[in-house]
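> Below you'll find the structure I mean.
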Amino acid sequence: MKVFGEEASWTARRRWMSLLLIVGLGWAMAGESEGRAALQVGRIKGKVIAVTADRREPLAGVLVVLSGEFLPGKVAQTISDDDGSYSFSDLPPGDYVLSVEVEGFERFAQKIMLPLGAIVEVPIELKPKAVREAVTITAGEDELRRVESNIPAQLGAPLLRNAPLVNEKFQDALPLLPGVVRGPDGLLNVKGARAAQSGILVSSINATDPVTGQAAVELPIEAVETIQVYSNPYSAEFGKFTGAVTAIETRAGTNEWKYLLTNFVPRLRKRAGTIMGIESATPRFALSGPLARDRLFFFQGLEYRFVRTRIPSLPDLQNDTRLESFDSFSRFDAALTSAHRLTLIVSVFPQKLDFVNLNTFNPMATTPNFHQRGWFVAVHEQAAFSNGSLLQSSFSLKDFDADIYGNSPPPFRITPNGNAGGWFNRQHRESRRYEWAEVYHLPTFSWGGQHAFKIGSHVAVNTFTGLDRSDPVHILRADGTLAQLEIFLGEGRLQRRNTEVTFYGQDKWTVHPRLTLDWGLRYDRDGIAGENNLAPRVGFVLLPFADPRTIVRGGVGLFYDKVPLNVGAFEQYQTMQVTRFGPDGRTITDGPRVFSNIVEGGSLRTPRSTAWSVQVDRELTRRVLVRFGYEERRSRRDFILEPTRLPTGESALVLSNRGRSRYREFQILTRLRLQERHELFLAYVRSRAEGDLNAFSAYIGNFHNPIIRPNEYSRLPFDAPNRVLLWGDVRLPFDLLLSPVVDWRDGFPFSLVDEEQNFVGPRNRGGRFPRFFSLDLQITKGVTIPFFGKKYRTRLGVKIFNVTNHWNPRDVQNNIHSPAFGTFYNSVPRTFRGKFEIEF
């Protein structure tokens, strides 16, 4: 593809060579460890038995689930045979959780410690719910959590499937977690951090955009097994963020073939009282199963999306954003030998998003389009050795290219009542990331307690080339006269490379059955900053009483962020020339003034944060758990931009590490287990997010901001001091499933500006949006449909968003010289969506 007359720099030949290199490395590692790892595997087996007052009966056809850190996808499944027998073979030593859920019986869950090469027999005795009071269940998952110093907020596949998600994407589910909000710019802010300060991992692979540092991956929701959000992970294996990290585990195939078809009925577009084409078509298909039983497993998820999203405050036929995308996720898991596993992942996610940031003040002509071409390939290899150790290796290649351009000719005009003209900035980017990681788990040993030690290394090479050019920007007063003219000078030809190196050591030290310590040290070196950074961390888990229903956990750690490539290329961007005019719009009062792009001190440093937390969990009854938690994070060396007058009299736009931010959060969470497999969560969060507002990512990224004023320290744009959140699902009679989500929070802050776009008063102190409230529901019913002599399970239902039709505006007129000053706009009304899926 040619953009601005330039050929794309990555040729097809290099892409094929990269792919062959990955596959070759994977098989080379396979051959190397095959002979060394033949004797150390184990087995877990037993029978599934229904136990009543007077009899014991084997149960056939029961799904038995085994979860563990070293399994492909961290989970394995099997079906009990005619005499109730089940078996899991070729298991490396370690901790596992065995679980079974059968309708009408108590849930069974048990933690198992599998020694080296052992065969462990675990009978699964299921007792009817009618004798609940007499049953003692070992909650294996909870037992594992009693040794973890930092428990991530987690979303599993059932919740992703059952929750009312507006676009049915994994990103839609993240705001269901306390401390995660979607900010006024549409980006996700996790635990008070800007989007670029957080990390995202997909099957342990870095899935951020190397250029902007923001999340850059799309997955069919069926490909997601779990989503875990760590706000302060005290394990040294996590790095390259100062906010939080989201870890996505993808789904692996099993020995049972499964198919899922959903969203295959398009939604019609109704505008101006009539049907005008398609509003949404989002079919999804998933397929998984064994290509070779017990040896080679396959999962494939496919999704096509065509979605028009209406902006209520704009006229019909001029108020739709448009999204078209195709997401493909493929995963192959191979058991090469009894102790050697290999996983290949291929993900492709091109996307076209037109009329971005369409809102009350930005009509279609002024908005940009964002088209991206993203894909990644990853190979994971895992080998167990006869001494009880384990080696995990991975190699990945991620490619993310993007084009941003406008919908009408320049210039871009900013007025008190809204914007006009064509989007001013055009970008073409090509970026690539190569990653290689090794993690070695040493055999557990005893010395003052039990130790589980691991060491790891990580090398990443990031490259970026592109063009970034801008057209003139006019700032107009209320009477239409020109107040400021911005012209951009230079070629805007960008190129940057960065090599990142990491080493770490981490020890889980069980000092006492009621006290576990996590301590580790991480070393990072970033090629752009050129610093050697050491990040010590320590966490603890304490069971203060003999009763294991109370758990205290916490810790403290130092975290170093990544340096995005666009930060490293700052001095290559076009420079801005600003001219200011008097009231007549013609007389020059200042300028033309050229703001040169300068890095303060000639070099950059790596942003860092110090975070600590403490949390108390108390299980009041078998149905009710209460959690109290407090956490605090202070970030330093954040990248900020400051328009500055130099001692020489010249002007400059200075990039520095002077930025700071701070986040504090107190949380109360209650989990109510109404039924087996069905829970409700209620959380209250009191928080405060503040920091320097001229963050680099707020001005230079996918969508540039042409108005740069002096920096201030204040509330961050996504600060919401009070929030109440309820979510979960409830099983009703007649195979009905109800999934409610209630979200109430304070409105986001905003600033006041005058007709020349100067801030009036302190920034983000001009007021807040009205309090946000939304009740969303999804209710579905299971239906069996006969077809050609077979019966297929389907679920039919409806999703209702904003059931109460509460006024939740997203736009505000904050210009004091506009006649509409102080008016709020653009609330999404009550909305209905159908739900139809077939599983066979």
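The values are calculated or read from the model by the stated rules, or taken from the named source; none is laboratory data. Quick caveat: nothing in here was measured; it's all calculated off a predicted structure. Cβ: placed from backbone, ideal geometry, glycine included. Neighbour counts: every protein chain shown.
> Among the residues of region 600-651, which ones are more than 24 Å from Leu542 (Cβ to Cβ), of a type in the set (Lys, Arg) and under 27 Å from the mean Cα position of the chain (by Cα)?
Result: Arg605, Arg608, Arg634, Arg636, Arg637.
> Just one of Phe772, Phe801 is within 23 Å of Leu693 (Cβ to Cβ) and aromatic (Phe, Trp, Tyr); which is it?
Phe772
> Here's a follow-up. Residue under question is Arg833, and the condition is that it be farther than 23 Å from Asn417 by Cβ, surrounded by 14 or more Cβ atoms within 10 Å (Cβ to Cβ) and in contact with a strand residue (DSSP E or B) (Cβ under 8 Å, 6 or more places away or on another chain); does it hold?
Criteria met by Arg833.
Rundown of residues vs (1) aromatic (Phe, Trp, Tyr); (2) under 30 Å from Asp90 (Cβ atoms), yes/no style:
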site: Leu344; (1), (2): no, yes
site: Asn359; (1), (2): no, no
site: Gln372; (1), (2): no, no
site: Ala378; (1), (2): no, yes
site: Phe385; (1), (2): yes, yes
site: Leu390; (1), (2): no, yes
site: Phe395; (1), (2): yes, yes
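> Restricting to region 616-641, count the residues that are surrounded by fewer than 19 Cβ atoms within 10 Å (Cβ to Cβ) and within 25 Å of Leu565 (Cα to Cα).
Result for region 616-641: 2.
> With the requirement that a residue be part of a strand (DSSP E or B) and over 22 Å from Thr208 (Cβ atoms), what does region 370-401 give you?
Glu381, Gln382, Ala383, Ala384, Leu390, Leu391
> Answer yes or no as to whether Val654 is in contact with a strand residue (DSSP E or B) (Cβ under 7 Å, 6 or more places away or on another chain) and part of a strand (DSSP E or B).
On the way: in contact with a strand residue (DSSP E or B) (Cβ under 7 Å, 6 or more places away or on another chain): yes; part of a strand (DSSP E or B): yes.
In short, yes.
> Between Phe750, Phe696, which is surrounded by fewer than 22 Cβ atoms within 10 Å (Cβ to Cβ) and either under 30 Å from Ile414 (Cα atoms) or within 21 Å of the chain's Cα centre (by Cα) (or both)?
None of the others qualify; the one that does is Phe750.
> Go through (1) modelled with pLDDT under 85; (2) at positive phi one by one and return the number of the condition Glu168 breaks.
Of everything listed in (1) modelled with pLDDT under 85; (2) at positive phi, Glu168 misses just condition (1).
> Just one of the numbered conditions (1) more than 24 Å from the chain's Cα centre (by Cα); (2) in a strand (DSSP E or B); (3) not polar (S, T, N, Q) is not true of Pro706; which one?
The failed condition is (2).
> Let me ask another. Within 22 Å of Ala689 (Cβ to Cβ), within 31 Å of the chain's Cα centre (by Cα) and not in a strand (DSSP E or B): is that true of Asn764 in this structure?
When the stated conditions are applied, Asn764 passes them.
> What residue, among those in region 423-476 that are more than 30 Å from Glu756 (Cα to Cα) and aliphatic (A, V, I, L, M), is surrounded by the most Cβ atoms within 10 Å (Cβ to Cβ)?
Going through the qualifying residues, I end up with Ala460.
> Further question: Which of the residues belonging to region 489-529 are under 28 Å from the mean Cα position of the chain (by Cα) and of a type in the set (D, E, K, R)?
Arg496, Arg497, Glu500, Asp507, Lys508, Asp518, Arg522, Asp524, Arg525, Asp526
> Considering only residues that are more than 18 Å from Pro312 (Cβ to Cβ) and either of a type in the set (Phe, Trp, Tyr) or assigned to a loop (DSSP other than H, G, I, E, B) (or both), which ones fall in region 347-362?
Phe349, Pro350
> Looking at Glu256, Glu225, can you tell me which residue is among the charged types (D, E, K, R) and in contact with a Ser or Thr (Cβ under 7 Å, 6 or more places away or on another chain)?
Working: Glu256 fails: in contact with a Ser or Thr (Cβ under 7 Å, 6 or more places away or on another chain).
From the options Glu256, Glu225, the qualifying one is Glu225.
> For Arg295, only one of the following conditions fails: (1) in contact with an Asp or Glu (Cβ under 9 Å, 6 or more places away or on another chain); (2) surrounded by fewer than 20 Cβ atoms within 10 Å (Cβ to Cβ). What is its number?
Single failed check for Arg295: (1).
> Cβ contacts < 8 Å: first residue touching a residue at least 60 places away in the same chain (Cβ under 8 Å), restricted to region 435-449; second residue acidic (Asp, Glu), any location; separation 6+ or different chain. Result?
From residues that are touching a residue at least 60 places away in the same chain (Cβ under 8 Å), the pairs are Val439/Glu237.
> Next question, about the same structure. Let me confirm something: among Ala535, Ala546, Ala529, which residue is modelled with pLDDT of 90 or more and out of contact with any strand residue (DSSP E or B) (no Cβ under 6 Å at 6 or more places or on another chain)? Quick ask: steps written out before the conclusion?
On the way: Ala535 fails: out of contact with any strand residue (DSSP E or B) (no Cβ under 6 Å at 6 or more places or on another chain); Ala546 fails: modelled with pLDDT of 90 or more.
Matching residue, one of Ala535, Ala546, Ala529: Ala529.
> Follow-up. Contact list please: Cβ distance under 9 Å, first residue in region 571-587 and surrounded by 13 or more Cβ atoms within 10 Å (Cβ to Cβ), second residue aliphatic (A, V, I, L, M) and in a loop (DSSP other than H, G, I, E, B), pairs at least six apart or on different chains.
The qualifying pairs are Tyr573/Ile700; Met576/Ile708.
> While we're looking at this one, here's another question. Just checking, how many residues over region 570-594 are over 44 Å from the mean Cα position of the chain (by Cα) and of a type in the set (S, T, N, Q)? Please lay out each step first, then the result.
If we filter region 570-594 for residues that are over 44 Å from the mean Cα position of the chain (by Cα), which is where we start, we get 581-591.
Of the ones still in play, those that are also of a type in the set (S, T, N, Q) are 587, 589.
The number of residues fulfilling the criteria is 2.
> Go through region 524-537 residue by residue and tally those that are buried (at least 16 other Cβ atoms within 10 Å of the Cβ), more than 14 Å from Gly555 (Cα to Cα) and either among the hydrophobic types (A, V, I, L, M, F, W, C) or in contact with a Leu (Cβ under 6 Å, 6 or more places away or on another chain) (or both).
2
> Among the candidates Ser288, Ser325, Ser313, single out the residue that is among the hydroxyl-bearing types (Ser, Thr, Tyr), surrounded by fewer than 20 Cβ atoms within 10 Å (Cβ to Cβ) and closer than 30 Å to Val379 by Cα.
Ser325
> Which one of these is closer than 30 Å to Thr794 by Cα, assigned to a loop (DSSP other than H, G, I, E, B) and assigned by TED's automatic domain parsing to the domain that holds Phe570: Phe681, Phe734? Give the derivation first.
Numbers: Phe681 fails: assigned to a loop (DSSP other than H, G, I, E, B).
Only one candidate qualifies: Phe734.
> Would you point out which residue out of Ser67, Ser80 is modelled with pLDDT of 80 or more, surrounded by 13 or more Cβ atoms within 10 Å (Cβ to Cβ), over 31 Å from the mean Cα position of the chain (by Cα) and not assigned by TED's automatic domain parsing to the domain that holds Ser431?
Ser80
> So, one more: Sort out which residues of region 436-488 are charged (D, E, K, R) and either more than 28 Å from the chain's Cα centre (by Cα) or over 30 Å from Ser235 (Cα atoms) (or both), and write them in order of number. Outline the logic, then answer.
Pass one, region 436-488, residues charged (D, E, K, R): 438, 454, 468-469, 471, 477, 479, 486.
Of everything in region 436-488, those that are charged (D, E, K, R) and either more than 28 Å from the chain's Cα centre (by Cα) or over 30 Å from Ser235 (Cα atoms) (or both) turn out to be Asp468, Arg469, Asp471, Arg477, Asp479, Glu486.
> Ala365 passes all but one of (1) more than 28 Å from the chain's Cα centre (by Cα); (2) in a loop (DSSP other than H, G, I, E, B); (3) of a type outside the set (D, E, K, R); (4) at pLDDT 95 or above; which number fails?
Here Ala365 clears every test but (2).
> For Asn417, are the conditions met, namely being under 30 Å from Pro564 (Cβ atoms), polar (S, T, N, Q) and surrounded by fewer than 19 Cβ atoms within 10 Å (Cβ to Cβ)?
no
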